[in-house]
Amino acid sequence: MKQDLLTECLALHLPLPKGEIAALLEHPPNDSMGDVALPCFVLAKKLKISPGDIAKQLAEQLVHPGFIAEAAGPYLNFKLNRQLFGEALLTSSIGDDSFWRPNIGKGTRVILDMSSPNIAKPFGIGHLRSTMIGNAISRILQETGFDTVNVNHLGDWGTQFGKMITAYVKWGDPVAMAQSNNITKDYLALYVKFHEEAEHHPELELEAREWFRKLENGDSQALQLWKEMIGESLKQFDKLYKRLGVTFDHVLGESFYNDKMGAVIEELRKLELLEESEGALVVRLDEADMPPCLLVKSDGTSIYATRDLATAIYRRKQMNGDLLLYVVGGEQSLHFQQVFRVLEKMDDSWQGRCQHIPFGLMRMDGQKMSTRRGKVMFLEEVLNEAISQAKKIIEAKNPSLANKEAVAEEVGIGAVVFGDLKNTRTLDVDFSLKDILQFDGETGPYLQYTHARTCSILRKADGADQTEELNFSLAEHDHVWPLLKLISNYPQRLQQAAGRYEPSIMARYLLELAQAFNRFYHHVKVLDGSAPEQAFKLRLVRASSEAIRKGLSLLGISAPEEL
């Protein structure tokens, strides 16, 4: 909001588009210098005047009741009129839906590839990253005007199924597995056993490749076992997605694209991009300084790069995607670089239409998890334990709370999700259940507790802020002004999160906002003073509550009204 006012005024005096001016504005390192600053270094190159002279000239030219402009060397600092600012924010902007939902997407259709678990393997804590980072990015993009389509690209094809079928035929117990509460854990045990046995019996790898070849050729036994694995796995996945509040527009496995790969290979042949290398088929990417992209193995079986090419073409042509995003771990960066480059070699209109959104590893006690070794922390067990501990904390703090079971579920799951999303997505995360469940510090429960506090205040006030007379002089208060400014920053932070595909920007913003609100709460008696004074303070509480609730929702986290 403040950026809009300053941008409009500066645009009258600068030969730059408003978008470029807005991008130059920044926050000074401390409030004594001002509320917003304009560094004049970039302007100096364009105007052929020193940054200091530009700042002085603009300070003299810019006269407005909403701010005071002061030159400070090469910077132009703005001190906002707090009362006018508070009035504009709390009486008009907050009630306008466009304040909360800046339309930067303008209907651009974005296909998000997210979650994408492997069939016949249980959800580990590591799967949380692609699922919840993807979910948050989708919500953030949708809130900022993009037309989002969420796709769960299941790992239901590939050589691992040759290994799974081999293990099942050799060591599986169909009767015991039929009675299992979570058959995906039994599948994982077989998968781990295969790799343990293969270390001593390498011929198992040949047997697995043969089973996968049979699967690709439609062998009835292979197909039946494969379909059973898919059906049982989806039952387990759907339970977890429901608990996490994650939905998909399409759930399509890699196998969905099997009958579409032939057309891709044929098109590459026509374009003379396909080459034979040691019996395999590849596309060379020498000009991009990358190794060749392998598409068909020497034994004639496909590889996931071939399926990803067919997938991208389908998403663009059949799903009408303008932009394809792949929320997949950073270890797959080279793979996506190769796939995107092959698409561009096929048709240069692919340039800029695909983007890999990488994220770091989820570690457990500092160690990388591995399904091959069976070193997995199961997500379902983590959620259950988080909810159990949240319930104990609630019992101790507020034993009379209604719906304790439901609230514990919201707090426990919210703690796990926020514990991930507060981190810059490209960094590795060392998971600690103890740390994320604290009700103070940088945690989900801290934000939920702050939101519940705002709701408690508003319940006690019983609509006392619904008056047209507000005392805006309270905007001058040292613990009111920072909170006002942070609320006004909501749309700016939301746009940054959307532009960078970075949920942690919103997570960090919510922590700043909650901290500012709690300082305000501890230093200012809300339900005290004249009716106009109370109305102003309550309107500020309501705006804080709305910002926290909306922000948590964008991260896929519930905001209980009581805790």
Next item on the list: Tell me which of these THR148 doesn't satisfy, since it passes every other one: (1) part of a helix (DSSP H, G or I); (2) within 37 Å of the chain's Cα centre (by Cα).
Entry: (1)
Check: Out of (1) in contact with a helix residue (DSSP H, G or I) (Cβ under 8 Å, 6 or more places away or on another chain); (2) at pLDDT 95 or above, what's the single condition that is false for TYR304?
Finding: (2)
Check: For the range 12-76, which helices (runs of 4 or more DSSP H) that fit wholly inside it have 2 or more residues that are under 22 Å from LYS485 (Cα atoms)?
Finding: 18-24
Notebook entry, point to check: What about ARG493, is it farther than 23 Å from SER530 by Cβ, without any contact (Cβ under 8 Å) to a residue 60 or more places away in the chain and out of contact with any Asp or Glu (no Cβ under 6 Å at 6 or more places or on another chain)?
Noted result: yes
Check: Can you pull out the residues in the range 88-119 that are part of a helix (DSSP H, G or I) and either small (Gly, Ala, Ser) or buried (at least 16 other Cβ atoms within 10 Å of the Cβ) (or both)?
Finding: ALA88, LEU89, LEU90, SER92, SER93, SER98, PHE99, TRP100
Item checked: Residue list for the range 535-545, restricted to those being within 15 Å of GLY86 (Cβ to Cβ) and in contact with a helix residue (DSSP H, G or I) (Cβ under 8 Å, 6 or more places away or on another chain) -> PHE536, LYS537, LEU538, ARG539, LEU540, VAL541, ARG542, ALA543, SER544
Check: Taking the range 23-39 as the region of interest, how many residues are surrounded by fewer than 17 Cβ atoms within 10 Å (Cβ to Cβ) and aliphatic (A, V, I, L, M)?
Finding: 2
Next item on the list: Go through the range 422-451 residue by residue and tally those that are surrounded by 14 or more Cβ atoms within 10 Å (Cβ to Cβ), modelled with pLDDT of 95 or more and more than 15 Å from GLU512 (Cα to Cα).
Entry: 2
Margin query: Checking the conditions here, which among ALA288, ALA305, ALA312 is in contact (Cβ under 8 Å) with a residue 40 or more places away in the chain and surrounded by fewer than 21 Cβ atoms within 10 Å (Cβ to Cβ)?
Written below: ALA288
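The values are calculated or read from the model by the stated rules, or taken from the named source; none is laboratory data. None of these values were measured; they are calculated from a predicted model. Neighbour counts run over all protein chains shown; Cβ positions are idealised from the backbone, glycine included.
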